[in-house]
Amino acid sequence: MNPRLLLGLYVGVVLVPLALAWTGTRPPRSFWDELATGAGMLAFAVILVEFVLSGRFRAVSGRIGMDVTMRLHQLFARSALVLALVHPFLYRAPSIRPYPWDATRRLTLMHDFGALWSGILGWLLLFVLVLHAIHRDRIDYRYETWRMMHGIGALIAAGLILHHTLKAGRYSADPVLAWIWTGLFALAALTLAHVYLLRPVLQLRAPWRVASVRPAALRSWEVVIEPQDHAGLNYEAGQFVWLNLGNSPFSILEHPFSISSAPASGPALSFLIKELGDFTSTVGSIMPGTPAHIDGPHGTLTIKGRTEPGVALIAGGIGIAPLLGIMRQMHLTGDPRPAVLVYGNRTEAQIAARDDLAAFATLPGKEVVQVLAEPPPGWQGRTGVVDEALLRKLFADPSRRQWLFVLCGPPKMLDATEDALIGLGVAPERILAERFQYD
Ligand SMILES: Cc1cc2nc3c(=O)[nH]c(=O)nc-3n(C[C@H](O)[C@H](O)[C@H](O)COP(=O)(O)OP(=O)(O)OC[C@H]3O[C@@H](n4cnc5c(N)ncnc54)[C@H](O)[C@@H]3O)c2cc1C
């Protein structure tokens, strides 16, 4: 689906409850009371659609990219929190038990604790969830524990808010609106069931096995997995999967890793994994034969279908992983487009896949530019970092600015590279970037 259509669908779904309330026949209340209800309804609709914006659905992240999906998820969650926070404080009508003759709740607010308790709990839980997510890095526990708490907490908060909406919501007395709320909540719950129950069941039917684990560079490993009695994965070079090594497919111990092999190289998949934390530090001890499960492919970092006259691949450190997949695919398929691969590292020991890089550099029209911040004596490549000055030199020829630029690396380097390329006159739609950050 086209990203604009996706945006239209999002706005449509989020606004449907408000539109129904607006066009309903209930007698109007004061401006402030309507505003308060509107803020609450909008917040709830945004929260429910957040489940689809979790980054696990290709229909969304496959169109707008993982980075954009996650940034939108965060932005919308914060907006929903602000709307939810102001919701109870905007009301002006007296909060007493509704008069028996005020069935439309026009002159009074429900003051019935049976309808309010769930709203108060949902309100508090939402506050905790968003704040917790913003400050996750400051709390010392496993990422997976946080992610599980975030998903379950969000579902409980949505359930509480649904109860409050149906019991206290003036407009939810309309059965159509009540059904819409219930349907949206069911959809949100189903997204979790889909990711954590249905997909694992499908993974059981297409198991993989670790074929080899080899050192690839300083504190980095190449892990190769092969399909067991099935044809493998249909993917594009540069995409990533959620990889689960040695656990049940129902386990939450799965991590996103880019595929560094090329589709043209056969059904086995290879990954380049850098030691970073509790899981990645154990990768070197994983034995061949270990069962593996994957969820994917995901991601939009791919040159397939792009018509630009050339390709620039710019990687920082482990960001080379998906770009290796693209480079290998170009090599194996004899892609005639000119290409430059720029690969920055701190030291020489961090350089991965040297043989493939060297082989690629010998192809006509292909160039590999290695950059080291701390080069050893006799270093033949460039020295320093991948910065604006270097990019200006490499892409000085105006025709190169019409190329497709594919970037992957640490967030700081990517921000600086994107700014530099745009400063050089590269159109933003010709820059693809992935930040290796899923939160
Ligand atoms: C799209 C994408 C592609 C990636 N490709 C590669 C790659 O090819 N090679 C590579 O070395 N790294 C890659 N990464 C990063 C890799 O996923 C993390 O380094 C790894 O998950 C860290 O796990 P840990 O338990 O060792 O580290 P921890 O110290 O537990 O976590 C470090 C950080 O990694 C992230 N993280 C940890 N666990 C998970 C998880 N289960 N799911 C999502 N994020 C998590 C969190 O932001 C966390 O703060 C990629 C990340 C993304 C989002």
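The values are calculated or read from the model by the stated rules, or taken from the named source; none is laboratory data. This is a predicted model, so every value here is computed, not measured. Reconstructed Cβ throughout: ideal geometry from the backbone, glycine too, with neighbour counts over all protein chains shown. Side chains are part of the model used for accessible areas, which takes the heavy atoms of the whole protein and leaves out ligands, DNA and RNA. Shrake-Rupley method; radii C 1.70, N 1.55, O 1.52, S 1.80 Å.
Here are a few things to note about the model shown:
- C-alpha long axis of helix 3-23 to longest principal axis of the chain, angle in °: 10
- Phi to ³J(HN,Hα) by Karplus 6.51 cos²θ - 1.76 cosθ + 1.60 over segment 312-322, Hz, x for Gly, Pro: 10, 10, 10, 10, x, x, 5, x, 5, 3, x
- Compared with the dominant principal axis of the Cα atoms in the chain, helix 113-134 is inclined by about 20°.
- Of 386, 195, 406, the one that fluctuates the most in a GNM where the chain has Cα springs shorter than 10 Å: 195
- The charge dipole of segment 311-434, taken about its Cα centre with unit charges on the Cβ of Lys, Arg, Asp and Glu (plus for the first two, minus for the last two), comes to roughly 240 debye.
- Computed with every protein chain present, the accessible area of residue 132 is close to 50 Å² [probe 1.4 Å].
- Vicinal HN-Hα couplings computed from phi for segment 33-49 (Karplus, 6.51 cos²θ - 1.76 cosθ + 1.60; Hz; Gly/Pro x): 5, 5, 4, 4, 5, x, 4, x, 5, 5, 4, 5, 4, 5, 4, 5, 6
- The relative contact order of segment 311-434 comes to 29 percent, based on Cα pairs under 8 Å that sit 6 or more residues apart.
- Top of 122, 409, 183 by mean-square fluctuation, Gaussian network on the chain, Cα under 10 Å: 183
- When the surface is traced with a 1.4 Å probe over the full set of protein chains, residue 387 keeps roughly 70 Å² accessible.
- Pairwise Cα separations in segment 137-207 fall into 10 Å bins from 0 onward with the following percentages, short to long: 17, 34, 27, 17, 5, 0.
- If you wrap the chain in the convex hull of its Cα atoms and look at it from every side, the mean projected area works out to 24.1 nm².
- In the chain the longest region clear of chymotrypsin sites (Phe, Trp or Tyr not before Pro) that are loop-assigned by DSSP and have at most 14 other C-beta atoms within 10 Å covers 251-378.
- About the Cα centre, charge dipole magnitude for the chain (Lys/Arg +1, Asp/Glu -1 at Cβ), debye: 800
- Cα lying deepest toward the dipole's positive end in segment 3-202, options 72, 150, 87, charges on Cβ: 72
- Distances between placed amide hydrogens fall under 5 Å for residue 276 paired with 281, all partners being 5 or more residues away or on another chain.
- Given charges at Cβ of Lys, Arg, Asp, Glu: the chain dipole, positive-most of 45, 345, 166: 166
- Pairs of Lys residues in the chain, spaced 8 or more positions apart or belonging to different chains, with C-alpha separations under 24 angstrom: 4 in total.
- The chain, relative contact order in percent, only Cα pairs under 8 angstrom and at least six apart counted: 12
- Evaluated with a Cβ-only charge set (Lys, Arg +1; Asp, Glu -1), segment 206-298 carries a dipole of roughly 220 debye about its Cα centre, given to the nearest 20.
- Rounded, prolate or oblate (a/c below 1.5 giving rounded, otherwise prolate when a/b exceeds b/c) for segment 291-421 by Cα gyration tensor: rounded
- Comparing 55, 15, 132 along the charge dipole axis of the chain, the residue lying farthest to the positive side is 15, per the Cβ-charge model.
- Mean ellipticity per residue at 222 nm, deg cm²/dmol - from DSSP H runs of n ≥ 4 across the chain, formula -39500 (n - 2.57): -14000 deg cm²/dmol
- Against the rule of thumb 2.2 N^0.38 Å, how large the Cα Rg of segment 3-202 comes out: 1.08
- Normalised by the number of residues in segment 3-202, the mean separation of alpha-carbon contacts (under 8 Å, six or more apart) gives a relative contact order of 23 percent.
- Whole-Hz couplings from phi, Karplus 6.51/-1.76/1.60, listed for segment 50-64; x for Gly and Pro: 4, 4, 7, 8, 7, x, 9, 10, 4, 4, 9, 5, x, 9, 10
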